[in-house]
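Participant: If you scroll down you'll find the structure; I have some questions about it.
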Amino acid sequence: MLVDFLKGSALALKHMGNFIIGKGNVTLEYPEVKREQPAFFRGRHRLQRYRDGLERCVGCSLCAAVCPSEAIYLEAAENTDENQVSAGERYAEIYQIHLLRCIFCGFCEEACPENAIVMGASYELAMNKRTDFIAEKDDMLDPAEKGFGDYHEYDPYISHVTPESDKSAKGDPWAVKAEH
Amino acid sequence: MQLPFSLQPLFDFLGQFTDGPANALIIVIALIKIALIVGGLLQIIPFIILFERKIISWVQDRPGPNRAGPWGLLHGILDGVKLFFKEEITPKGVDKPLYLLAPGLTVAPAFLALCLVPVGPIIQGAHLDALVSFLRLDPSIIGPGGIISEIPLAITNPNIGILYVLAVTSIGVYGITLAGWSSNNKWSLLGGIRASAQMVSYEITLSLSIIGVVLLAGSLNLYNIIDSQAGGFWHWNVMAQPVAFLLFIIAMFAETNRLPFDLAEAEPELTGGFHTEYSSMRFALFFLGEYINMVIVSAMCVTLFLGGYHGLFPLPWEAIATWITNISPSFAGFYPWVIMASYLIGPMVIVPAKVGFFIFLFIFARATLPRLRYDQLMDLGWKRLLPIGLINLVITSGIIAIDLMVTGNGQVELATKWIIGAITLGLFLAWDLLYYSPRRKAQLEKDYRLYPKSAKKGEKPALAS
Amino acid sequence: MALVIYYVLFGITVLFALGVLFNRNTVRSAICLVGVMAALAVNYLIMRQEFVAFIQIVVYTGAIMVLFLFVIMLLNLREPEVMPWYLRKARFWGGALSLVFFFTLALAVQVWTVSGVTPGAIENEAFIKESGTPEVILLSTLMITKYVAPFILTSILLLVAVIGAIVMAKRYDEDGQEIISEEEVS
């Protein structure tokens, strides 16, 4: 009995000693170190652009239609020659997602024909006010400059595709859409 | 060396209100000691809590609290501040007077027991004389021949010391029991009932393990008990009473309601146990009482078994002081400082180190051992520890009686202590190895295993009948 | 000063004792009894009987009253709604008997103080003061020399009581065979 007791204590002591000399730590100290998310992670939404800065979203409202919790609100407007926002005929003038209603199911990115809305890798969703949880279009849109993050194409198995890895298979996803 | 002014007029002035300057002096000395010991302990408790959280997380391979302050040093203090500012909620249907009384009844006995812990030797004789002449007090009031002839470095030093500690710690159970009863909550009530039966059961073990030490010292006075262990670690009572030492440690875990005996607040079964309905400072008082109790039983264990304020090896302080003075005449001023160091090393270094070891043991056991079931707890207390304690006591007292009859000097010899230790420890280990044989251990494992060992991985195992 | 403390203590003791009598809530009543025990211990302390005082606390306050509370809480006793007949009768007879008892005691104390007859424990007090031996040693010496017969008889009485309690707690069937419940077997 006493021996078994000491055996158990020795195991705990070993773990403690290992930690003190710096081995066996399994904790990531979160605000300083962030965990790498897997490719299929469904985090905060992103609205993507083409390489020339035009938005991919054409305001078709398929995402709003498919959303099971009705978290997406979208108003479309026509593109004009003076104000060419997206690559198609129309663009989303207002695009809001209520993040408190969103259940992060990923149906929107599945439904999107243009690969415009995708689920990003960011999981830092805390806000100070309830109104802050309504994500406006500007909050989600990728910055207009070049080299803005990874291209993100919906794929039921692998979601994050970088331009380099994708080029060989599907051509250049960043390419300017020809028709406009 | 002397103070530039005398303190005597101050006590003469205070003496007008207290029936003479001697009484004023007694009160002032007691107040200083209380301020130092109680105040010091209260400062340390947040850090004990932090230490606990750190040790537990290290055992579990994680860094533990490290957000507030360097190494998370402010966590304990911030916890206290948070509890202080929380809302106090009194649930409906509580027995109000008892509900309010219970937290106090947990903390007060803990503080009462604190005033007996001897943290250093008694200042008396020439050293007291030197101190008195340094403070320029009246030697007829305080001094080797005065009304106050000694200053023990403990708040008080009554003759029945260890009995006082037992009495006061046995009152501590009322806080938990009443908290459980008055909360008007069945989980609290169950916690209170468990605590009362558990504490009464383990108090017997505690007392039995103490009696052996009292026999060895021939006195109930804590200073006499410590003096009987003077002269190096081979004189300590742990050498004479190893089995009693083990019993004391087990019983002290049970008395403080710490894991593996924290059935009164078993979180998986009773939500919070007896303190479920308490919040804010009332809850903090329960916590405070638990930690002070931990420190006190640790200090008692140190006093009874580990030689109290005596170090591992005896140091001839007087000789060292004289030797330093003899090196060069310019070192002559160091003599009183060395003597002072000999008094301060107990409260500053040795006692904190030894108590700290036991605090670590408390925390380490919490990180390591699973909680006992209630019937196992009672089995352990009444069927194992009590007989072991009784047999240990019979052997100890028998050998001490033989020793006293042979030598007739009223003192237990060192060799006798070792013989007692060897015999009791040998018998205990023999019992342990024979009783818990591999066959019985296999049987026990089979009895207590919830799932049969043969269950395959990924398959839902059937409950063992 | 000591007299003031004594009177305050007297008041507290009486208050607690009245609390035991007049509290209808069993737990509060038990707590008042704890208070009485503690106050008695302080009383012993004032009389310089430290050993007796702390034994009083250890045994009565620390063990017996805890078990009282344990039993009360385990049975979950509530305030009785209707007073049973024997308690209604007991009010009168109990009150009368305790009055008689009180006056007898007062008379006895009066006789003691007047006649100078003191009970056995006090006759050693002067001896304790003079010899300087700790009272624990004196008490234990007395207990195993002069009062050894009562001491052993009391021990036997307690042992018999314990065995009797166990026997009473066991259940028997019609043939006088002991019934062992399933819990005990497992």
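Participant: Can you tally the net charge around B:Gly307? Count Lys and Arg as +1, Asp and Glu as -1, for every other residue whose Cβ sits under 11 Å from the Cβ of B:Gly307.
Facilitator: 0
Participant: Let me ask something additional. For a Förster distance of 25 Å, can you work out the FRET efficiency between the beta-carbons of B:Thr325 and B:Phe134, rounded to the nearest 0.05?
Facilitator: Plugging the Cβ-Cβ distance into 1/(1 + (r/R0)^6) gives 0.90.
Participant: What is the stretch B:225-332 by shape, rounded, prolate or oblate, if you read a ≥ b ≥ c off the alpha carbon gyration tensor as root eigenvalues and call it rounded for a/c under 1.5, prolate for a/b larger than b/c, and oblate otherwise?
Facilitator: oblate
Participant: Report the charge-dipole magnitude of the stretch A:37-147 in Debye, nearest 20, computed about the Cα centre from +1 at each Lys and Arg Cβ and -1 at each Asp and Glu Cβ.
Facilitator: Rounded to the nearest 20 debye, it is 540 debye.
Participant: If you average the sequence gap of Cα pairs under 8 Å that are 6 or more apart and divide by the length of the stretch A:37-147, what percent do you get for the contact order?
Facilitator: 37
Participant: Could you tell me which of rounded, prolate or oblate describes the stretch B:16-152, using a ≥ b ≥ c as the square roots of the eigenvalues of the alpha-carbon gyration tensor, with rounded for a/c under 1.5 and, failing that, prolate when a/b is larger than b/c and oblate otherwise?
Facilitator: oblate
Participant: Whole number please: convex hull volume per residue of the Cα set in the stretch A:26-117, in Å³?
Facilitator: Here the figure is 137 Å³ per residue.
Participant: If you filter the stretch B:2-41 for chymotrypsin sites (Phe, Trp or Tyr not before Pro), then keep DSSP loop positions with at most 15 other Cβ within 10 Å, what is left?
Facilitator: The qualifying sites are B:Phe5, B:Phe17.
Participant: Between A:Arg90 and A:Ala65, what's the calculated FRET efficiency when r is the beta-carbon distance and R0 is 22 Å? Round to 0.05.
Facilitator: 0.90
Participant: Hey, another quick one. Set the Förster radius R0 to 45 Å, insert the Cβ-Cβ distance between A:Phe41 and B:Asn66 as r into 1/(1 + (r/R0)^6), and round the FRET efficiency to 0.05.
Facilitator: For A:Phe41 and B:Asn66, the calculated efficiency is 0.95.
Participant: Then there's this: Excluding ligands, DNA and RNA, what is the accessible area buried between chains B and A, summed over both sides, using a 1.4 Å probe, to the nearest 100 Å²?
Facilitator: Interface area, both chains combined: 1600 Å², rounded to the nearest 100.
Participant: Just for the protein assembly as shown, what percent of DSSP beta bridges are antiparallel, to the closest 5?
Facilitator: 85
Participant: How big is D, in µm² s⁻¹, for the stretch A:65-106 by Stokes-Einstein at 20 °C and 1.002 mPa s if Rh is the Kirkwood radius over C-alpha pairs?
Facilitator: D = 183 µm²/s.
Participant: Another one. Once neighbouring chains are kept in place and the probe is 1.4 Å, which whole percent of the accessible area of chain B is contributed by carbon and sulfur?
Facilitator: Summing carbon and sulfur atoms, their accessible area is 70 percent of the total for chain B.
Participant: Continuing with the same structure: Per residue of C:60-69, what is the mean number of Cβ atoms on other protein chains within 10 angstrom of that residue's Cβ?
Facilitator: Mean shielding count: 6.
Participant: What's the magnitude of the charge dipole for the stretch B:236-378 around its Cα centre, counting Lys and Arg as +1 and Asp and Glu as -1 at the beta-carbon? Answer in Debye, nearest 20.
Facilitator: Rounded to the nearest 20 debye, it is 300 debye.
Participant: What does the net charge come to around B:Ile122 if you take all other residues with beta carbon closer than 10 Å to its beta carbon, with K and R at +1 and D and E at -1?
Facilitator: -2
Participant: Tell me the trypsin sites (Lys or Arg not before Pro) within the stretch A:22-125 that lie in a loop according to DSSP and have at most 15 other beta-carbon atoms within 10 Å.
Facilitator: Of the trypsin sites (Lys or Arg not before Pro), the ones in loops of the stretch A:22-125 whose Cβ has at most 15 other Cβ atoms within 10 Å are A:Lys23, A:Lys34, A:Arg35, A:Arg101.
Participant: Quick check: at a probe of 1.4 Å, how many percent of the accessible area of the stretch C:1-57 sits on carbon and sulfur atoms?
Facilitator: The computed percentage sits at 76.
Participant: So, one more: For chain B, which longest stretch is free of loop sites, where a loop site is one of the GluC sites (Glu not before Pro) that DSSP puts outside H, G, I, E and B and that has at most 14 other Cβ atoms within 10 Å?
Facilitator: My reading of the result: B:89-412 is the longest stretch.
Participant: Give the accessible area for A:Glu136 in Å² (nearest 10); use a 1.4 Å probe, count only protein heavy atoms, and leave out ligands, DNA and RNA.
Facilitator: About 80 Å², ignoring ligands and nucleic acids.
Participant: First check a/c for the stretch B:136-221, with a ≥ b ≥ c the square roots of the eigenvalues of its C-alpha gyration tensor; if it is under 1.5, answer rounded, and if not, answer prolate when a/b is larger than b/c or oblate otherwise.
Facilitator: Cα axes put the stretch B:136-221 in the oblate bin.
Participant: Modelling each spin label as a point 7 Å along the Cα-to-Cβ direction, I'd like the B:Ile391/B:Leu3 distance in nm, to one decimal.
Facilitator: My value for the distance between the label points is 5.9 nm.
Participant: Any idea of the accessible area per residue across the protein assembly as shown, 1.4 Å probe, to the nearest Å²?
Facilitator: Each residue of the protein assembly as shown exposes 57 Å² on average to a 1.4 Å probe.
Participant: Quick one: with all protein chains in place, what share of the accessible area of the stretch A:37-147 is carbon or sulfur, to the nearest percent (1.4 Å probe)?
Facilitator: 49
Participant: From the P(r) of the protein assembly as shown, can you give the percent of Cα pairs sitting at distances over 52 Å?
Facilitator: Roughly 36 percent, once rounded to a whole number.
Participant: For Cα pairs less than 8 Å apart in space and 6+ apart in sequence, what is the mean separation divided by the residue count of chain B, i.e. the relative contact order in percent?
Facilitator: Relative contact order, chain B: 18 percent.
The values are calculated or read from the model by the stated rules, or taken from the named source; none is laboratory data. What you see is a predicted model, and the numbers here were worked out from it, not measured in a lab. All Cβ positions, even for glycine, are placed from backbone atoms using ideal geometry, and neighbour counts span all protein chains on display. Surface areas here come from the heavy atoms of the whole protein model, side chains and all, with no ligands, DNA or RNA. Shrake-Rupley method; radii C 1.70, N 1.55, O 1.52, S 1.80 Å.
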